[in-house]
Amino acid sequence: MGQNFILPDLGEGLTEAEIVSWLVAVGDTIAIDQPVVEVESAKSIVELPSPYGGVVEALNGVAGQVVHAGQVLLTVTDAADTADTADTAQPAPQPATTPASMPGTVPPAEVDGSASGAVLIGYGTSENTRPVRRPATARFGLRPGSATPVATPIVPPVAVVAPPAPTPVTAPISSASPAGRSPVVSPLVRRLARENGLDATRLIGSGSNALVLRRDVESAIRERAAAVEPTPALEPPPALEPASVVEPAPVVEPVEPRVAPIDDIRIPITGLRKVVSERMTTSRREIPEATVWLDVDATELFAARDRLFETTGERFSVTALIARFTVAGLRRFPLLNSSVDTASQEILQRGAINLGLAAQTPRGLMVPVVHDAHAMTTRELRDAIAGIVTQAADGSFPPSRLTGGTFTLNNFGALGVDGSAAIINHPEAAILGIGRMIERPWVVNHALAVRTVVELSLVFDHRVCDGGTAAGFLTYVARCIESPVSMLADL
């Protein structure tokens with residue numbers, strides 16, 4: 001009798017996920033807690049273990065499909081039922097070896113009745129009451145203790161001679177595993193291959209144990225592009241005519257160029273993009289926001305950064321130093337570290353400062369959070385931000401890193417713009433924007449000078465505070481940037 005594995009509750013109010021890839025196929029024998037599918041929610045990419053063991057009977061979904069909580073992902077049938085059905089259809093010959101010596105088979109004496117170790121919401125743990133036949137091959141080759149499978153020779157059929165046809169460009173097949181499929185761990189590698197029409201498991205991996213890496217997919221894409229690029233045919237040189245023969249040049253009719261029709265493209269709003277869209281819409285609908293901005297001379301900030309490097313031998317980024325000033329400003333103006341409880345009509349002023357940093361990632365705009373930034377030293381805050389920058393390269397933030405923010409810092413100057421009227425990250429009350437830092441003419445002591453100038457912009461919730469509080473916070477941060485020594489009084 002088949003058992004249905006449904007998409008469990010992913011937590012934090014998430015009700016849907018997108019199938020990234022299947023880790024098993026129909027007919028595979030799986031064990032309890034074995035990862036069977038990789039899904040991407042609005043928070044992260046996770047592998048889901050099966051709460052049942054047996055033979056995979058059906059996969060209900062394909063890569064790229066969005067499934068909802070409660071929907072059946074796959075159906076698992078008891079291995080004993082499958083064997084009984086096969087015996088009824090056709091009697092099998094007696095094996096020459098005992099079951100204990102067959103590769104990939106777990107003898108009943110070795111199977112313990114331990115419960116499932118992976119607890120999925122809606123499943124809990126269950127007793128393993130039947131022996132499970134584990135497959136001989138795992139994602140990275142043979143399982144320990146399993147015999148090497150003997151390859152069955154394949155006799156090619158008689159081919160019919162046909163006219164030669166263009167050879168299609170296909171990705172090389174890996175010989176690292178007996179099934180002809182290479183292991184792929186990174187979801188980003190699978191997605192990159194899928195978007196370019198490749199199957200990552202059919203590539204030859206250059207990593208450990210033939211693991212397929214990003215560079216393998218990029219190399220296959222380049223090889224395919226080079227193979228399909230047409231080679232211009234060489235035309236023979238024109239024959240020389242006698243000098244005495246003069247023919248009039250032919251009249252060439254002008255040909256109007258034809259523009260190929262451009263088709264519309266529909267892009268589904270799913271996953272992270274859907275969550276960002278809903279949050280930004282809620283922010284615009286509920287928050288009466290206002291914006292103040294200020295041009296700041298940041299020349300001394302760069303000088304202070306260089307002096308820190310000379311005295312400590314450690315590098316401090318400009319973003320880390322401004323984050324330090326921002327935390328100090330929020331402690332002086334705590335109303336900006338708040339949120340509005342619309343149900344009780346109260347302003348909830350937060351005690352801890354959890355500083356969010358807007359980051360552009362391959363998955364889209366994300367706001368990872370540095371929790372308890374108020375309790376960190378400048379060095380600790382710098383290291384936390386450096387870790388966020390590293391993880392932003394592939395967007396691999398854990399769900400805990402993307403929740404609990406109380407104030408957001410947005411360095412859109414890295415995108416090459418001077419300013420922006422940013423949208424507040426709901427349910428927070430404010431967001432500070434940093435523009436690009438460029439040299440501009442600036443008046444210093446009644447004389448023009450070339451200085452490094454940056455534009456700061458603060459968007460705030462007018463229900464939480466008035467312009468005086470917002471302006472006081474912005475000018476305080478600006479004063480710290482113009483004269484970093486002035487912040488020493490608040491340390």
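The values are calculated or read from the model by the stated rules, or taken from the named source; none is laboratory data. Fair warning: this is a prediction, and the values are worked out from it, not measured in the lab. We place every Cβ from the backbone using ideal geometry, glycine too, and count neighbours over all the protein chains shown.
General observations
- Matching strands (runs of 3 or more DSSP E) fully within the range 381-457 where at least 3 residues are within 30 Å of D341 (Cα to Cα): 407-410, 430-434
- Hits in the range 33-64 - residues which are in a loop (DSSP other than H, G, I, E, B) and either farther than 30 Å from R273 by Cα or modelled with pLDDT of 85 or more (or both): D33, Q34, S50, P51, Y52, G53, N60, G61, V62
- For the range 277-311, filtered to residues that are closer than 15 Å to R479 by Cα and outside any helix (DSSP H, G or I), the residue that is farthest from the chain's Cα centre (by Cα) is D297.
- Residue list for the range 269-289, filter: surrounded by 15 or more Cβ atoms within 10 Å (Cβ to Cβ), of a type in the set (G, A, S) and closer than 27 Å to I347 by Cβ: S283
- A count restricted to the range 12-26 and to residues that are closer than 16 Å to V67 by Cβ and modelled with pLDDT under 85 stands at 6.
- In the set (1) touching a Pro at 6+ places or on another chain (Cβ under 7 Å); (2) under 30 Å from L348 (Cβ atoms), the condition left unmet by L448 is number (2).
- Within the range 65-76, tally of residues that are more than 24 Å from the chain's Cα centre (by Cα), surrounded by fewer than 18 Cβ atoms within 10 Å (Cβ to Cβ) and assigned to a strand (DSSP E or B): 1
- Qualifying residue in the range 443-464 (condition: among the acidic types (D, E) and at pLDDT 95 or above): yes
- Given (1) at pLDDT 85 or above; (2) surrounded by fewer than 20 Cβ atoms within 10 Å (Cβ to Cβ), number of the condition T29 does not satisfy: (2)
- Only one of the numbered conditions (1) among the hydrophobic types (A, V, I, L, M, F, W, C); (2) at pLDDT 95 or above; (3) surrounded by fewer than 22 Cβ atoms within 10 Å (Cβ to Cβ) is not met by A430, and that is (3).
- On inspection, V370 fails the criterion of being more than 25 Å from R479 (Cβ to Cβ) and surrounded by 14 or more Cβ atoms within 10 Å (Cβ to Cβ).
- Scoring T469 on the criteria (1) touching a Pro at 6+ places or on another chain (Cβ under 7 Å); (2) assigned to a helix (DSSP H, G or I) leaves a single failure, condition (1).
- Contacts under 6 angstrom Cβ, first residue in the range 454-476 being in the same structural domain as Q345 (by TED's automatic domain parsing), partner acidic (D, E), 6 or more apart: E455/D295; E455/D418; V459/E289
- Of all residues making up the range 258-276, the number that are assigned to a loop (DSSP other than H, G, I, E, B) and under 24 Å from the mean Cα position of the chain (by Cα): 6
- Matching residues, the range 424-443, being in contact with a strand residue (DSSP E or B) (Cβ under 7 Å, 6 or more places away or on another chain) and among the hydrophobic types (A, V, I, L, M, F, W, C): I424, A429, A430, I431, L432, I434, M437, I438, W442
- Residues in the range 189-209 that are at pLDDT 80 or above and either part of a helix (DSSP H, G or I) or in the same structural domain as A25 (by TED's automatic domain parsing) (or both): L192, A193, R194, E195, A200, T201, R202.
- Yes/no for T326 being of a type outside the set (D, E) and assigned to a helix (DSSP H, G or I): yes
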